[in-house]
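Note sheet for the following structure.
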Amino acid sequence: METSDPKAIRRAVWSGSIPCKILLDPGESRVFDASDPYYVIIPRIAYLPFFAERVCSFFRPFVIDPEVAKPESAWFEFESVPMKWHWPVGLLYDLFTGRDPAANNVEEDDEHLLPWTLIVHFRDYPTKYLMRLEGPATCHDSWMNTVKEADHVRNGSAKAVMSLSKAESTKLWDSLQSHDFDQFWSVNDKLVSVQARNIPLRLYIPSAPRVVQQPVPPNLPSQEPQTVGTALRTLLPELFPSQRVAVLARPVVHGVVVAMNTPLLELMREAVYPDGFLHISLAMMS
């Protein structure tokens with residue numbers, strides 16, 4: 001990457017956000033005309049449950065049965081697809097809109113123009129597709145389990161995470177919810193700035209959607225750095241016949257197309273998501 005200051009990239013990643021327009025499912029509204037939309041700017045690295053209480057408070061007066069308008073009952077939909085609450089919002093947007101950030105032919109009527117429109121429901125929770133969100137502890141536990149999994153991939157064990165003090169673990173979660181960059185990275189830097197055995201990498205293919213996860217070493221057998229291109233060529237050769245040039249799909253991280261020659265270890269340290277994984281979604285090229 002071009003800058004030698006990883007903190008600048010980390011801060012830029014942290015500052016990324018998505019303007020959202022949230023609509024109440026018409027079938028759950030007691031208002032004849034559509035209720036007003038709720039507009040909110042959500043950080044890319046945040047999670048939908050962080051905003052569920054606000055959404056509930058806004059729509060409760062419009063819901064047929066206000067008693068069901070609770071954060072643990074809320075679920076969000078985009079184009080008839082339930083959004084996974086345990087995936088970061090930026091990843092959800094990149095994956096399910098499928099937009100190619102490098103494309104310049106955006107039409108004015110493009111349905112994926114911002115704000116990103118989501119529909120909120122409070123009934124008929126889709127347990128077939130989503131884990132039940134029992135309360136704030138469920139979101140925390142799910143996230144912490146992913147952090148431990150990433151640490152295990154990175155180091156061969158979750159010792160680094162398990163060695164954090166109670167205060168540090170609490171700071172990590174609280175600062176993610178409050179969107180405090182300095183507090184979060186004062187702890188998270190201990191986890192990612194290590195000599196990693198493997199890169200915690202997840203690849204997301206939009207058509208399925210399909211998730212590909214496999215430990216990827218930071219160096220090739222030749223001891224040259226593993227790059228985004230070499231990893232993609234190994235894991236998804238059908239979509240990446242070349243390790244140097246994107247032919248059928250482009251790798252997208254935090255809404256930005258990543259160069260194929262980017263060292264994967266460097267990308268992980270500077271653009272990792274708060275759960276410890278480097279999430280790369282693929283934008284199919286037309």
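The values are calculated or read from the model by the stated rules, or taken from the named source; none is laboratory data. Just so it is clear, the structure is predicted and the values come from calculations on it, not from any experiment. Here the Cβ positions follow ideal geometry from the backbone for every residue, glycine too, while neighbour counts run over all protein chains shown. Heavy atoms of the whole protein, side chains included, go into the accessibility calculation; ligands, DNA and RNA do not. Shrake-Rupley method; radii C 1.70, N 1.55, O 1.52, S 1.80 Å.
Take the residues in the stretch 60-81 that are part of a helix (DSSP H, G or I) and under 17 Å from D124 (Cα atoms); name whichever of them is most open to solvent (accessible area, probe 1.4 Å).
Among those that are part of a helix (DSSP H, G or I) and under 17 Å from D124 (Cα atoms), it is E67.
Residue by residue through the stretch 37-57, note down the ones that are among the aromatic types (F, W, Y), touching a residue at least 24 places away in the same chain (Cβ under 8 Å) and in a helix (DSSP H, G or I).
Answer for the stretch 37-57, where residues must be among the aromatic types (F, W, Y), touching a residue at least 24 places away in the same chain (Cβ under 8 Å) and in a helix (DSSP H, G or I): just F50.
Here are some residues: S286, S193, S207, S186. Which one is closer than 16 Å to V161 by Cβ, in contact (Cβ under 8 Å) with a residue 40 or more places away in the chain and surrounded by fewer than 16 Cβ atoms within 10 Å (Cβ to Cβ)?
Selected residue: S193, the only one of S286, S193, S207, S186 that is closer than 16 Å to V161 by Cβ, in contact (Cβ under 8 Å) with a residue 40 or more places away in the chain and surrounded by fewer than 16 Cβ atoms within 10 Å (Cβ to Cβ).
With the condition kept exactly as written, say whether any residue in the stretch 127-139 is at negative phi, in a loop (DSSP other than H, G, I, E, B), of a type in the set (A, V, I, L, M) and crowded, with 16+ Cβ neighbours inside 10 Å.
Looking for residues that are at negative phi, in a loop (DSSP other than H, G, I, E, B), of a type in the set (A, V, I, L, M) and crowded, with 16+ Cβ neighbours inside 10 Å, one finds at least one in the stretch 127-139, hence yes.
Among the residues of the stretch 27-36, are any modelled with pLDDT under 95, in a loop (DSSP other than H, G, I, E, B), among the acidic types (D, E) and over 30 Å from L265 (Cα atoms)?
Taking every residue of the stretch 27-36 in turn, at least one turns out to be modelled with pLDDT under 95, in a loop (DSSP other than H, G, I, E, B), among the acidic types (D, E) and over 30 Å from L265 (Cα atoms).
Looking at the stretch 10-52, which of its residues are touching a Pro at 6+ places or on another chain (Cβ under 8 Å), more than 26 Å from V187 (Cα to Cα) and open to solvent by 50 Å² or more (accessible area, probe 1.4 Å)?
K21, L23, A34, Y39
Return yes when T230 is modelled with pLDDT of 95 or more, surrounded by fewer than 16 Cβ atoms within 10 Å (Cβ to Cβ) and more than 20 Å from W87 (Cα to Cα) and no when it is not.
no
If only one of H279, H254 is outside the structural domain of G156 (by TED's automatic domain parsing), open to solvent by less than 50 Å² (accessible area, probe 1.4 Å), out of contact with any strand residue (DSSP E or B) (no Cβ under 6 Å at 6 or more places or on another chain) and in contact (Cβ under 8 Å) with a residue 40 or more places away in the chain, which one is it?
H254
Could you list, ordered by first residue, the pairs with Cβ atoms under 7 Å in which the first is in the stretch 88-100 and in contact (Cβ under 8 Å) with a residue 24 or more places away in the chain and the second is crowded, with 24+ Cβ neighbours inside 10 Å and in a helix (DSSP H, G or I), at least 6 apart or interchain?
From the stretch 88-100, the pairs are V89/L48.
Could you tell me which of the residues F76, F51, F59 is over 22 Å from the mean Cα position of the chain (by Cα) and outside the structural domain of W173 (by TED's automatic domain parsing)?
Going through F76, F51, F59 in turn, just one is over 22 Å from the mean Cα position of the chain (by Cα) and outside the structural domain of W173 (by TED's automatic domain parsing): F59.
If T227 satisfies all but one of (1) of a type outside the set (D, E, K, R); (2) without any contact (Cβ under 8 Å) to a residue 24 or more places away in the chain; (3) more than 30 Å from K166 (Cβ to Cβ), what's the number of the condition it fails?
For T227, the exception is condition (2).
Output the residue which, of all residues in the stretch 199-220 that are assigned to a loop (DSSP other than H, G, I, E, B) and at pLDDT 95 or above, is nearest to M268 (Cα to Cα).
P200
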